[in-house]
Structures are given as structure tokens and as C-alpha cells.
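First comes the structure, then the notes that go with it.
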Amino acid sequence: MHIRTLAVALAATGLFSANARAQTEIQWWHSMTGALGDKLNEIANGFNASQKDYKVVAVYRGSYPESMTAAIAAFRAGSAPHILQVFEVGTATMMAAKGAVKPVYQMMKEAGEPFEPKNYLPAVSGYYSDSKGNLLSLPFNSSTPVFYVNKDAYRKAGLDADQPPKTWKEFAAAAGRLKASGQGCVYSTGWPAWVHVENFSAWRHRRRRYRVQGEFSCARQACGDACGLREEGLVHLLGAAQRGGSAFLQR
């Protein structure tokens, strides 16, 4: 699961001031396109229509790395946006940029706004909290891998196209059948670290664990599972799929 967060108040501007008379414009930089971009604009427009004191201006600034880089450059130039949507691995980068981001728990406290981090799933709030349990950024949206099946290739392999794999073990079995039928690229994916390490970890029924007694245990096993399938010619990176087509696509 990928979580996107809002790094709030890159320029500390006192957005909750009750004494504001003229309409205050709030710049919100994001990386949402398509239907998700439409939904984000709907949220901003809904807020704008609900009151007259503030106007949220949602601005698309490219992919997650691009928008984060642009925000850091804008901060250095003294023209940072008020709100920035950042992908989860960018959280540490933003927090390491001293003075660039005001932690959400601190901003809510200063503004006197009710805020309860426990309303979020522990796995979500824990990722974006410091060692003292203070929530640093505001969880906003999450992404889930979607598994697509090429039914024509499935039928050619003698498999039931209406019964796609439900587990990674079922996938491995089906992948072998697909390869035997002549399918050149059986499976491909974008974001391989996210899809493979996190999702293959579920194959092991374990949480992702990091360096413990010199081992990367579960993460290493998950990578081993994925590499094993790749060595058998069952897994390819997205570029391979674009060149030859694949039976499975996950993104």
C-alpha cells in the first residue's frame, strides 16, 4: 500500500487566523491526474464554496518526485506552496529539510483545531509519526496494486480465464502454464520494490522487517521469491511488457 501525505505549511502563514478580512489564497501543489485529479479538485472546490475567507488553489506540479523537488526549490526561493502532497518515501526528505515543513501535529495544536491521529489505521499513522508518536504529515490517499489478466493468453494456456490467481502461489502455477504455452512475457509490473517486496511479503505471512541481527529476513525472502520467478522467465519489468505484451500486468 502506498500512502500519500500532505506536508502542511511549507511557508508558515497563519492560515487559521480568525482576523483575516480579505480572502486568503492557499496554494496546494499535488501530483494527481485523471479521475484522482478531478476528485482532488472537487475537494478544493467544495471547501471554497463552503466559506468566503479562504480559497484553495489546487495546482498539478508533475509526478511525486517532480512536485517535491519543485516545492523544495520554491521554499529556497521564498515562494513555497502552503500545502504539498508528498509520496510516502518523501516524508523523510521533507522532514530533514529543517524549517521547510511544519509538522501537522504542531500546526493543529497552534491553530486549536481538534485532531486525533488514532482515527487513522495504526500502520498508516505509525509510518508518518516520530518516535514520540507525533504525526508529522497528514495521511491523504493510498494506492493499491491492481492485477490485470490477459484472458486470451489465459485461454490459450488452457486455464480458466474467469478464475485468475488469488494468491502468489496460484500465480506461480498459472505463470508456468502460460510460459509453457509460448507466452514470452508472463508478468510485468511498475513500482517493482513496492509491489514485489510488500506484496511478496504477504506470501510469507509476515510483516516487512528490516535489519535484525544482520539480516533483512522477510524482505530478503520476498526478493528471493520474486527473483526466483524472474530466473524462471515468469517475471519481467514493465519495459519488457511494453516491448512484447504480457499475460499479467500489475500496477
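Throughout, read-outs are computed from the coordinates displayed, never taken from laboratory work. If you're wondering where the values come from, they're calculated on a predicted model, not measured in any experiment. Please note: Cβ atoms are built from the backbone with ideal geometry, for glycine as well, and neighbour counts cover all protein chains shown.
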Pairs of lysine residues in the stretch 2-143 - Cα separation under 26 Å, sequence separation of 8 or more or cross-chain:
15
So what does log10 I(q)/I(0) come out to for the stretch 2-143 at q = 0.11, 0.13, 0.16, 0.17 Å⁻¹, using the Debye formula with one equal point on every Cα and no solvent?
-0.39, -0.56, -0.88, -1.00
Residue exposure sequence - L159, L84, L36 - by fewest surrounding Cβ within 10 Å:
L36, L159, L84
Give me I43, I72, I83 ranked fewest to most by other Cβ atoms within 10 Å of their Cβ, as a rough exposure proxy.
I43, I72, I83
Neighbour-count order for E88, E113, fewest beta carbons within 10 angstrom listed first:
E113, E88
Please list, or write none, the lysines whose alpha carbon is within less than 21 Å of the alpha carbon of K156, excluding same-chain residues fewer than 8 places away.
K166, K169, K179
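For the stretch 23-64, report the convex hull volume of the alpha-carbon atoms normalised per residue, in Å³, without decimals. Intermediate values should be presented prior to the final figure.
Details: hull volume 1.9 nm³, N = 42.
With only Cα atoms used, the stretch 23-64 gives 46 Å³ per residue.
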